[in-house]
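*Asks:* This is the structure I have questions about; it appears just below.
The values are calculated or read from the model by the stated rules, or taken from the named source; none is laboratory data. For clarity, every value in this text was computed on a predicted model and none was experimentally measured. Cβ: placed from backbone, ideal geometry, glycine included. Neighbour counts: every protein chain shown.
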Amino acid sequence: MNCFLYSLVLQWKLDIRSKSLLVTFYIVPLLFFLIMGGIFTSVMPGMGSTLIQSMIVMSVSMGAFLGLPPSLVEIYGSDIKKIYNANGVPIYLGLLTMVLSAFVHLMMTSIVILLLAPILFKASLPTQLPIFLLSLTIYIIVSLSIGCILGLTLKNQAKLTMLAQLVFLPSIMLSGIMFPISLLPDFLQVIGHVFPAYWGYRLMLDKGLRLENLWYLILVSCIAVITCILLMNKQKSE
């Protein structure tokens with residue numbers, strides 16, 4: 001337990017010093033929120049009721065898909081993992097500490113948006129805050145599990161960046177957070193349903209914590225966890 005806590009604290013300190021994580025977890029999401037929040041509420045006044053959910057989906061997606069995977073590649077795509085084996089450290093420890101640290105970062109960014117949106121843009125707060133936070137927690141976990149797959153699958157940073165963008169951009173454009181998804185052609189609406197952002201956004205809306213919005217996220221998280229276990233076993237045998 002002491003080893004785990006030490007690793008978690010160490011990972012947190014490394015994250016704070018990482019410029020790339022600072023950009024993907026805090027600077028870009030919050031700048032996007034500050035700029036686009038005013039634009040959205042001016043162009044579409046009714047968006048004030050869903051602005052918090054929309055901005056949080058964007059922030060979580062960016063952190064999970066663009067921020068976490070490169071950090072995983074630094075460990076599991078290099079010789080650092082050999083140091084784990086040489087010192088008898090479980091191979092999964094790096095993954096676990098990174099995920100927990102990323103979860104805290106994403107939750108902090110989401111809370112900042114939750115607190116500032118009503119003040120800056122007169123956005124509506126969720127009517128049931130505990131349920132909203134539970135829905136947010138679920139969405140962060142699902143998003144991070146997908147980010148783990150990206151980071152454990154690819155060892156080349158250039159290929160990883162390209163694949164992560166292919167996951168991130170459709171998650172934002174086809175989820176309904178930028179504009180009503182009903183404006184899209186039918187085939188793009190169907191594609192949008194594949195990405196967890198579509199379901200996470202609806203899960204965080206008022207009275208959105210229902211099985212019809214939850215089942216797909218549970219399915220994706222289960223598949224992702226099993227895939228990560230298989231990938232970690234492969235890392236251990238290499």
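*Asks:* Regarding segment 216-223, can at least one residue be identified that is more than 24 Å from Ile131 (Cβ to Cβ) and in a helix (DSSP H, G or I)? Steps first, please.
*Replies:* Kept after step one, since they are more than 24 Å from Ile131 (Cβ to Cβ), are these residues of segment 216-223: 223.
From what is left, the residues that are in a helix (DSSP H, G or I) are 223.
Yes: one or more hits.
*Asks:* If you don't mind, another one. Return a yes/no flag: does segment 141-155 have any residue that is modelled with pLDDT under 95 and not in a helix (DSSP H, G or I).
*Replies:* yes
*Asks:* Suppose we filter Ser124, Ser135, Ser171, Ser175 for residues that are within 15 Å of the chain's Cα centre (by Cα), touching a residue at least 12 places away in the same chain (Cβ under 8 Å), closer than 22 Å to Met47 by Cβ and not in a helix (DSSP H, G or I); which single one remains? If you could, list the steps in order and put the result at the bottom.
*Replies:* On the way: Ser124 fails: within 15 Å of the chain's Cα centre (by Cα); Ser135 fails: not in a helix (DSSP H, G or I); Ser171 fails: not in a helix (DSSP H, G or I).
After ruling out the rest, the residue left standing is Ser175.
*Asks:* While we're here: Kindly indicate whether Ser110 is at pLDDT 90 or above, surrounded by 21 or more Cβ atoms within 10 Å (Cβ to Cβ) and more than 23 Å from Ile223 (Cα to Cα).
*Replies:* Values: at pLDDT 90 or above: yes; surrounded by 21 or more Cβ atoms within 10 Å (Cβ to Cβ): yes; more than 23 Å from Ile223 (Cα to Cα): yes.
Criteria met by Ser110.
*Asks:* Which of the residues spanning segment 189-238 are more than 17 Å from the chain's Cα centre (by Cα), among the hydrophobic types (A, V, I, L, M, F, W, C) and closer than 19 Å to Val99 by Cα?
*Replies:* Ile226, Ile229, Leu230, Leu231, Met232
To keep it simple, each residue is scored yes or no on (1) closer than 30 Å to Lys159 by Cα; (2) modelled with pLDDT of 90 or more; (3) polar (S, T, N, Q).
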residue: Ile16; (1), (2), (3): yes, no, no
residue: Lys19; (1), (2), (3): yes, no, no
residue: Tyr26; (1), (2), (3): yes, yes, no
residue: Tyr76; (1), (2), (3): yes, no, no
residue: Gly88; (1), (2), (3): no, no, no
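*Asks:* Give the residue that is modelled with the lowest pLDDT, with candidates limited to residues of segment 48-67 that are assigned to a helix (DSSP H, G or I) and surrounded by fewer than 22 Cβ atoms within 10 Å (Cβ to Cβ).
*Replies:* Residues of segment 48-67 that are assigned to a helix (DSSP H, G or I), as a first pass: 48-49, 51-67.
Restricting the remaining residues to those that are surrounded by fewer than 22 Cβ atoms within 10 Å (Cβ to Cβ) gives 48-49.
Numbers: Gly48: 83, Ser49: 87.
Here the residue is Gly48.
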